[in-house]
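Accompanying notes for the structure given below.
Please treat every number below as a calculation from the coordinates, not as lab data. Just so you know, these numbers come straight off a predicted model, no measurement behind them. For neighbour counting, all protein chains shown are included, and Cβ atoms are generated from backbone atoms with ideal geometry for every residue, glycine included.
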Amino acid sequence: MTLVAGVDLGSTTAKCVLLEDGKLIGKSLSPVGVELVKDADRALERALVEAGRERSEVSVVTGTGYGRFKVTFGQLTVTEIGCHAKGAHFLFPGTRVVLDIGGQDTKAIKINEKGEVIDFAMNDKCAAGTGRFLDVCAGALGYDVNEIGTLSLGARHPVKVTNTCTVFAESEVTSYVSRGKDPKDILAGLHISIVNRSLSLLQRVGIEPEVTFTGGVSRNEGMVRTLDRRLGLRVNVNPLSQYVGAIGAALFGHERLGGSAA
Amino acid sequence: MGETATTEPGFLTTARERQRQMVEEYYAGLADAGGAKKPIAYMFVGGNLTEIVRSFGYEVVFPEIVALNCAIKHASLPNILNAESQGYGLDVCGYVKNDLGLQEIGGQTPFGRVPPPDLLVCSFSGCYIYVKWWEALAEKYGCPLVMFDVPYMRDALPQPEDIQYLVAQLHEFVALLEKTTGRSLDLAELRRTLANSRQAEQGWVDYLASGRRHPSPIEAYFEAVFYMFPINVLRGTKAAAEFYATVNAEVDERVRTGRYPVPEEKFRLVVEGVPPYPSYRTFWDFFRKWGAVSVAATYPKVGGLFDRGFLHDPARPMESIAEYSLGAYVNQSWPLRRKIIEDYVREFGADAVLIHGIKSCRSFTAGQGDLRDWLIHDLGVPTLYIESDHEDPRYFAPAQIKNRMDAFFESLQQRRGASAIATVTA
């Protein structure tokens, strides 16, 4: 029996999963602050509590995400690009393209039949089209980010959000509000805007018949539906989609010990 | 496998010291030249006419090289801000803004004072911004501006009509220089200068060819840039002609002693694009941590594609200079640039290509996105596109760039069958 952990220290949240012989037995999700080492440690502790296991039982800890080098108690680090690829392939072995939308990054990743990265494209130096974009715009409308996806599904005439900058988009939202536009139509417009930006990245790596959507934004039903419509297919979304990076990280640890990720 | 600890990059000791000395002497000489009223010609690196103006007693300044020297010494931003305060926009080329900002403070750099021009020679007309740059300087200093109109290179070999067109312009240029300086063209002196150029070019080619070895004894991008100064700035001088014998002797020594650019060569890369000079060392370290070595690169060829078969020919001075100008890397059409990169990948046994795009330069960068797609999808060559700037430090985002590079090297490693896992190093 081998127990491994993956800790994904992202820009807004820390995710941790525990895998025992390739099976998920514990997980945690918590916000990150400025003390990343403590955030990583806390994420692991919480996952251990959920699984009812001790830290001493963990054979390998792998860090991923922008804060991966702050998982100082770990033995391995892998970029979140490699981890999302591996994690998505673990959950959906037939997938060849992964779209990960996190707090500040959007990534389109092309993978092979083994879950290895062939190509990737990311947003550059701007958080437009990411989770942060939705946070800011939800705030401008007075909603919680967790409710806007469902609300957007009730839109009848989505507005056109043309700006490619998060800060300017907030101004655009405010402008639509002052013109009396239905908030649902504004929200739908925002979702379409993000999907259009994501499509550009997906097209750069090449769209395949099976696409898997990961990261915090994949929990947003409005985003999933909009993406489905624009791609003309049903994207894969797993209830654990927010943990895919951490799952991938744990799988790298599992492989290091001689296990198979398949 | 994975990232390894960073050590100081190893340079060719004697050659690096000699190069440093040549840079110092050059800038000191420029200051003297200005004081002694030795005429100064400003010129672009690509397709330059340095041999002709040198034979008329001019000293040559390459503001692009002054700009990169400023950037690598972290001195470009004040000049850029100075130019922006004059009204030059955020998206104007960093070389241009560095120079125009520098001109406003009398050309004072950390490595010496750069004198103003007496003559402006627009030797590369493929970049519209460059033409405007020279026009701005001509207006400021009231000096003659010579436009050398070089047709875009459409075919692998220069066409006879293009050569004739350039030779005719060269004769007009010589007539202007004769009138301006009161001297006649000294053909024997021009031939001697061209012979020096040819000797330097052959030595440079030999140096670059050593990247074919496995492992490569040279770093053909980051390290080569240092040894590029003599071939670009001092071409035609005896000092440049003799420099590459020193370089190549040390490369041979590296092979004999097994002291390579990285302790263990893991990835062999072809690199396309101008380096991010303000973050040069940081960017280089991103490669070195992964045991990645550039075995061939296009950027060190901007001063001449000598490794593709062209060398200046003292027996055919004007025709040879015309052929050189036509064949400048920046003057090549994209199909020709693609072919060069494809050949480098094959001939140098590269694992992948890295493209560094320049935010403020559309002239050099436009088409690199298509190049990336072509390499990946048509040739199956793993390729990474990174973007920052050659001059402006505000465009270099280390966390994002490192993340992309780490992911790229991980994927290369994975495809070799090794697990893409790294030790914990920041």
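The peptide list A:213-221, B:205-213, put in order of mean Cβ contacts within 10 Å with the highest first, becomes A:213-221, B:205-213. Computed packing ranks the peptides A:165-171, B:184-190 as A:165-171, B:184-190, most packed first, by mean other Cβ atoms within 10 Å.
Other residues within the sphere of radius under 14 Å centred on the Cβ of residue B:345, judged by their own Cβ, net out at +1 (K and R +1, D and E -1).
Taking amide hydrogens as placed 1.01 Å from N in the peptide plane, the amide H of residue B:383 sits under 5 Å from those of B:353, each at least 5 positions away in sequence or on another chain. For chain B, the 222 nm mean residue ellipticity estimated from helices alone, with every DSSP H stretch of n ≥ 4 adding -39500 (n - 2.57) and the total spread over all residues, rounds to -15500 deg cm²/dmol. Residue by residue along A:70-80, Cβ atoms of other protein chains within 10 Å of the local Cβ number 5 on average. Taking each residue as 0.36 nm, the span from residue B:252 to residue B:74 lengthens on full extension beyond its C-alpha to C-alpha distance by 60.8 nm. Applying the Karplus relation 6.51 cos²θ - 1.76 cosθ + 1.60 with θ = phi - 60° to region A:134-139 yields 3J(HN,Hα) values of 5, 4, 5, 6, 4, x Hz, where x marks Gly and Pro.
Taking Lys and Arg as +1 and Asp and Glu as -1, the other residues whose beta-carbon sits under 14 Å from that of residue B:333 total +1.
With contacts defined as alpha carbon pairs under 8 Å and 6 or more residues apart, what's the relative contact order of region A:94-237 in percent? Relative contact order of region A:94-237: 32 percent. Less than 5 angstrom separates the built amide H of residue A:165 from none of the residues sequence-distant by 5 or more or on a different chain. Going 7 Å from the Cα of residue A:113 along its beta-carbon direction, which residues of region A:201-228 have the amide nitrogen within less than 16 Å of the resulting point? Hits in region A:201-228 for residue A:113 at 16 Å: A:209-210. Counted residue by residue at 0.36 nm each, then reduced by the alpha carbon distance between them, the extension gain from residue B:14 to residue B:282 reaches 94.1 nm. For residue B:109, nonlocal amide neighbours, meaning residues 5 or more places apart or on other chains whose placed amide H falls under 5 Å from its own, are B:114.
For an R0 of 51 angstrom, estimate the FRET efficiency from the Cβ-Cβ distance between residue A:199 and residue B:183 and round to the nearest 0.05. So the FRET efficiency works out to roughly 0.20.
For a bin width of 10 Å, list the pair-distance distribution of the protein assembly as shown built from all Cα-Cα distances, rounded to whole %. Result returned by the calculation: 3, 14, 22, 22, 17, 12, 7, 2, 0, 0. Ordering A:94, A:104, A:133 by the projection of their Cα atoms onto the charge dipole of region A:63-197, which places +1 on the Cβ of Lys and Arg and -1 on the Cβ of Asp and Glu, puts A:94 at the extreme positive end. Take every DSSP beta bridge whose two residues both sit in the protein assembly as shown; close to 40 percent of them are antiparallel. The distance linking region B:232-255 with region B:358-406 is 31 Å (Cα centroid to Cα centroid, whole angstrom).
Calculated mean residue ellipticity at 222 nm for chain A: -13000 deg cm²/dmol, from DSSP H runs with n ≥ 4 weighted as -39500 (n - 2.57), summed, divided by the residue count and rounded to 500. Between the residues B:230, B:13, B:277, the greatest Cα displacement towards the positive end of the dipole of chain B, with unit charges on the Cβ of Lys, Arg, Asp and Glu, is found for B:13.
From the square roots a ≥ b ≥ c of the eigenvalues of the alpha-carbon gyration tensor of region B:141-189, which class results: rounded (a/c under 1.5), prolate (a/b over b/c), or oblate? Taking the square roots of the gyration eigenvalues as a ≥ b ≥ c, region B:141-189 is oblate. Across chain A, the mean sequence separation of Cα contacts (distance under 8 Å, 6 or more residues apart), normalised by length, yields a relative contact order of 24 percent.
Relative to the Cα centre, the charge distribution of chain A, modelled as +1 at Lys and Arg Cβ and -1 at Asp and Glu Cβ, gives a dipole magnitude of about 500 debye.
Dipole size of chain B about its Cα centre, with +1 on Lys/Arg Cβ and -1 on Asp/Glu Cβ: approximately 580 debye, rounded to the nearest 20.
Sorted largest first, the principal axis extents computed over the alpha-carbon atoms of region B:13-415 equal 66, 49, 41 Å.
Lys-Lys pairs in region B:13-415 that are eight or more residues apart or on separate chains and whose Cα atoms lie under 15 Å of each other come to 7. Bridgeable aspartates and glutamates around residue A:70 (alpha carbons under 12 Å apart, same-chain partners fewer than 8 residues away excluded): A:8, A:35, A:39, A:41.
Of the beta bridges in region A:94-237, as assigned by DSSP with both residues counted there, near 65 percent are antiparallel. Ranking B:45, A:165, B:181 by Cα position along the charge dipole of the protein assembly as shown, where only Lys, Arg, Asp and Glu carry charges on their C-beta atoms, puts A:165 farthest toward the positive end. When the Cα gyration tensor is reduced to axis lengths a ≥ b ≥ c, the ratio a/c is 1.5 or higher for region A:1-101, and with a/b not above b/c it is classed as oblate. Using a/c under 1.5 as the rounded threshold, could you call region B:192-287 rounded, prolate or oblate? The axes a ≥ b ≥ c are square roots of the C-alpha gyration tensor eigenvalues, and prolate needs a/b larger than b/c, oblate otherwise. Oblate, because a/c is 1.5 or more while a/b does not exceed b/c.
The three principal axes of the C-alpha atoms in chain A carry coordinate ranges of 60, 38, 30 Å, sorted with the longest axis first. Between residue B:25 and residue B:379, the C-beta separation translates, for a Förster distance of 41 Å, into a calculated FRET efficiency of about 0.40. Each Lys or Arg adds one and each Asp or Glu subtracts one; over the other residues with Cβ under 10 Å from the Cβ of residue A:89, this totals +1. Taking 0.36 nm per residue of separation and subtracting the Cα-Cα distance, full extension of the segment from residue B:132 to residue B:239 would add 35.2 nm.
Distance between the C-alpha centres of region B:106-146 and region A:175-233: 49 Å, rounded to the whole angstrom. When only Cα pairs below 8 angstrom with a gap of at least 6 residues are kept, region B:13-415 shows a relative contact order of 20 percent.
For residue A:35 and residue A:208, the FRET efficiency from 1/(1 + (r/R0)^6), where r spans their Cβ atoms and R0 equals 51 Å, is about 0.80. Peptide B:375-384 shows a mean partner chain C-beta count of 2 within 10 Å per residue C-beta. The mean number of Cβ atoms from other chains found within 10 Å of a Cβ in peptide A:84-94 is 1, as a whole number. 3J(HN,Hα) along region A:254-259, derived from phi through the Karplus expression 6.51 cos²θ - 1.76 cosθ + 1.60 where θ = phi - 60°, amounts to 4, 5, 4, 8, x, x Hz, with x in place of Gly and Pro.
In a simple Cβ point-charge model (Lys, Arg +1; Asp, Glu -1; nothing else charged), region A:94-237 has a dipole of about 340 debye relative to its Cα centre. Calculated from the alpha-carbon coordinates, region A:94-237 shows an Rg and a Dmax of 14.8, 51 Å respectively.
Along region B:211-221 the Karplus relation, 6.51 cos²θ - 1.76 cosθ + 1.60 evaluated at θ = phi - 60°, assigns HN-Hα couplings of x, 6, 5, 10, x, 6, x, 10, 9, 7, 10 Hz to successive residues, with x for each Gly and Pro.
The label point for residue B:175 and the one for residue B:265, both projected 7 Å from the Cα toward the Cβ, are 5.3 nm apart. Once both labels are positioned 7 Å from their Cα atoms along Cα-to-Cβ, the gap between residue B:85 and residue B:147 label points is 3.3 nm.
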